[in-house]
Each structure stands twice: as C-alpha cells, then as structure tokens.
Amino acid sequence: MDTTVQPITLHPFTVAEAERLLAGEVDANAGWEGGYAFTDEPELLREFVRSVHEDGDPAPFGPYLVHRGADGAAIGGVNLFGPTDEHGVVEFAFGLVPAVRGQGLAVPTVVAALDLARTTGARIARAEAEVSNLPARRALERAGMHEVARTAEDGVVYERRL
C-alpha cells in the first residue's frame, strides 16, 4: 500500500525490485532521479529478500521506495523496521539520493514514514541520525521528532509519539 504526503509517495519494494537492484540492474523504467547510490541499501535489501523467502512478506514493515509525486522518479528509500516492540516502538531510517537533497523533500519523507508507522499500530516512532548529519537531523525535528538520546557511535536518537 502506498503512503503519500505531497510531494512524495512511499511505495513498498517488491522482491523482484530488490533482486534487480542487488544484481546491479537498476531498471531504467524505475526512473531513478540522479542515480541509485546508497551504500547501506544492499544489506537492507538482502535481509528483506531473505525474510520474504523464509518468513513471508513482512508488510507493512520493510523497505519502501520514495517517489517524487504519486508516480514520478524514485528519489530515495525508507525502511520501516518491525514489528513494533513490546512498548509499541517502531524504528525507521530514510535517505534521499544526492541529486535531490536541499529540495525540501526530506521533511515530507519523514512525515510519510511517521504516517506509515502510525498505520502499523505503533505508538512511538524512532529514528537515528549521525551527529554530523545536520540536514537529516533538521528534517526529523521539523517533522515533530525530538532528541531523546545520544549513542556511543555519534548518533542522535529521535522519537515521536504517534
């Protein structure tokens, strides 16, 4: 199920899409704006494919493509890690391709991730950003998330009640 917060849409990855990307086949029809260049994405996609084959589709949890508009170019990704824990917390991560950074798309991406987390029944959404990643931290804060902790690895943990 897609989640739209103008001007972006989150679309769940399919196994076929994940396997194509893992094989290095970025589908020209996927319309990636500015190229596909996430260094941590392959690990997440491998885990997603393994999970689907072993345990079934984890939807609504798992990886999502971020599209410009409802059917525009893919511009990034969101991963909703789940299911929620015993306290109703669900974690997510997001990233946008370098070509679209600075265009005001990060905050709607975070808001869409929060909306998606809410639909899972989560009571709290959590995300982490590196201390040095000020654009990501600002996007999380502008979407209503608040710093709750610092990690030993120079991370800042944000949460928001849903």
Q) In Å², what does the accessible area per residue of the chain work out to with a 1.4 Å probe? A) 52 Å²
Q.
Testing the spin-label approximation: label points 7 Å from Cα along Cα→Cβ at D55 and L134. State their distance in nm.
A. 3.9 nm
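Determine the gain in length on full extension of the stretch M1-R118; use 0.36 nm per residue of separation and subtract their C-alpha separation, reporting nm with one decimal. Before the final figure, lay out each step's value.
On the way: separation 117, 0.36 × 117 = 42.12 nm, distance 1.37 nm.
Length gained between M1 and R118: 40.8 nm.
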Q.
With a 1.4 Å probe and all protein chains left in place, how much of the accessible area of the chain comes from carbon and sulfur atoms, in whole percent?
A. 50 percent
Q. In debye, nearest 20: dipole of the range 95-160 around its Cα centre with unit charges on the Cβ of K, R (+) and D, E (-)?
A. 240 debye
**Q.** Cα-based Kirkwood hydrodynamic radius, the chain, one decimal, Å
**A.** 15.9 Å
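The values are calculated or read from the model by the stated rules, or taken from the named source; none is laboratory data. This one's a predicted model, so the numbers in the text were calculated from it and none came from an experiment. Please note: Cβ atoms are built from the backbone with ideal geometry, for glycine as well, and neighbour counts cover all protein chains shown. Each accessible area value is taken on the protein alone, full model and side chains, heavy atoms only, with ligands, DNA and RNA left out. Shrake-Rupley method; radii C 1.70, N 1.55, O 1.52, S 1.80 Å.
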